[in-house]
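The values are calculated or read from the model by the stated rules, or taken from the named source; none is laboratory data. Being a predicted model, the structure only gives us computed values, none of them experimental. Counting neighbours? That spans all protein chains shown, and the Cβs are built from the backbone with ideal geometry, glycine included. Just so you know, the surface numbers come from the protein's heavy atoms only, side chains and all, with ligands and any DNA or RNA stripped out. Shrake-Rupley method; radii C 1.70, N 1.55, O 1.52, S 1.80 Å.
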Amino acid sequence: MALALVSAVGVAAFGWPFLAPPASTLNAHAQDAPWLFAGLLVLLVGVVAATISESGLGPKAVAMLGILAATGAALRPIGAGTAGLEPMFFLMVLSGRVLGPGFGFVLGSVTMFASALLTGGVGPWLPFQMLAMGWFTMGAGLLPGPDRLRGRAELCVLAVYGFLAAFAYGTVMNMAGWPFMAALASNISFDPDASVPANLARFLAYCLATSLGWDLGRALLTVVLALTLGAPVLRALRRATRRAAFETPVTFTTHP
C-alpha cells in the first residue's frame, strides 16, 4: 500500500507536464516543483520504513541491505561523469532479481541516497533519483521465473531488462529536469502553453539531444557486466540470502 502510494505520487511528480492541460493553473506553478523535494523525500523515507517493518526483516536482512547499498554507492563514483558508465546499475539488477521487488525498491532508494551523500550530490533531484532507482531495482524483482529460470537464459533476460531499464531510468530522470530548462534550450524545452503532443515532441528531441549517449553507455555496460559477471554474482547473492535466512522463522525442537 505504501509502495503504491509513493509510486502514484512519483508518477504525478514526474509526469505533470503531460498530465496537466495547457489551460491548467498547475502550469503557472511549474517553477515551484522543486518544493516537491521535501514532501517526496518524506514519503520515500516512510515507504522504506514501512516496507522494512511489514516484511519483518531481521538484523541479518537489514545488514545485507546496508552492505549492498554501500557497495552500490561505492560503485557509482567509479563511472559517474564518464559517458554514463555506471556499474551500480548492474548490481541493482542482480540484487533486485535475487531479493525480490519489495526489497529491491528499498535497496534501490537507499543506495541512491547513500551515493548522494558519498558524492555530495544532494539536491532537489535526489528524491526523483531515489524513486527512479527504486523502480529500476523493483522491476528486476518482477521478472518472470525467479525460482526456475537459471543459467544463460536468466542472464539474457537480465541483460535485456538492464538494457531497456537503463534507457527508462534516463528518460524518467529527464522528465524531472526538462520542465526547468527553458532558459537553456528554448526550442526543445517545456512550453506550458503548448499541447501535450507538441510538448511530447519537444521532450523526445530533448532526450535525443542531451541524454541518449549517456543512456546508451549505461545500458551497454549493464549488458556486458550481466553477461560476463552475472553468473558468479548471482550465486554469491543467493548464497548470502540463504545464509541470512531472514524469512525463515526460528524453531526449537526437543530431543528425547
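Whether any residue in segment 199-208 is modelled with pLDDT of 85 or more, surrounded by 20 or more Cβ atoms within 10 Å (Cβ to Cβ) and among the aliphatic types (A, V, I, L, M) is what I want to check.
No, because not a single residue in segment 199-208 is modelled with pLDDT of 85 or more, surrounded by 20 or more Cβ atoms within 10 Å (Cβ to Cβ) and among the aliphatic types (A, V, I, L, M).
Condition test on Leu131, is it more than 21 Å from Arg238 (Cα to Cα), of a type outside the set (D, E, K, R) and either part of a loop (DSSP other than H, G, I, E, B) or in contact (Cβ under 8 Å) with a residue 40 or more places away in the chain (or both)? If you could, list the steps in order and put the result at the bottom.
Details: more than 21 Å from Arg238 (Cα to Cα): yes; of a type outside the set (D, E, K, R): yes; either part of a loop (DSSP other than H, G, I, E, B) or in contact (Cβ under 8 Å) with a residue 40 or more places away in the chain (or both): yes.
It is true that Leu131 is more than 21 Å from Arg238 (Cα to Cα), of a type outside the set (D, E, K, R) and either part of a loop (DSSP other than H, G, I, E, B) or in contact (Cβ under 8 Å) with a residue 40 or more places away in the chain (or both).
Checking the conditions here, which among Val172, Val122 is surrounded by fewer than 18 Cβ atoms within 10 Å (Cβ to Cβ) and β-branched (Val, Ile, Thr)?
That would be Val122, the only listed residue that is surrounded by fewer than 18 Cβ atoms within 10 Å (Cβ to Cβ) and β-branched (Val, Ile, Thr).
Answer with yes or no whether Ala116 is of a type in the set (A, V, I, L, M, F, W, C), buried (at least 16 other Cβ atoms within 10 Å of the Cβ) and either under 13 Å from the mean Cα position of the chain (by Cα) or closer than 18 Å to Val233 by Cβ (or both). Let's see the steps before the verdict.
On the way: of a type in the set (A, V, I, L, M, F, W, C): yes; buried (at least 16 other Cβ atoms within 10 Å of the Cβ): yes; either under 13 Å from the mean Cα position of the chain (by Cα) or closer than 18 Å to Val233 by Cβ (or both): no.
It is false that Ala116 is of a type in the set (A, V, I, L, M, F, W, C), buried (at least 16 other Cβ atoms within 10 Å of the Cβ) and either under 13 Å from the mean Cα position of the chain (by Cα) or closer than 18 Å to Val233 by Cβ (or both).
In segment 134-157, how many are in contact with a Phe, Trp or Tyr (Cβ under 9 Å, 6 or more places away or on another chain) and in a helix (DSSP H, G or I)? It would help to see each step written out before you state the result.
First pass over segment 134-157, keeping only residues in contact with a Phe, Trp or Tyr (Cβ under 9 Å, 6 or more places away or on another chain): 134-141, 143.
Imposing the further condition that a residue be in a helix (DSSP H, G or I) reduces the set to 134-141.
Counting residues in segment 134-157 that are in contact with a Phe, Trp or Tyr (Cβ under 9 Å, 6 or more places away or on another chain) and in a helix (DSSP H, G or I) gives 8.
Could you list all residues from segment 132-169 that are surrounded by fewer than 20 Cβ atoms within 10 Å (Cβ to Cβ), under 25 Å from Leu204 (Cβ atoms) and not aromatic (Phe, Trp, Tyr)?
Val160, Leu164, Ala168
In segment 88-110, which residues are open to solvent by 10 Å² or more (accessible area, probe 1.4 Å) and either farther than 23 Å from Gly217 by Cβ or not in a helix (DSSP H, G or I) (or both)?
Val98, Leu99, Gly100, Pro101, Gly102, Phe103, Val110
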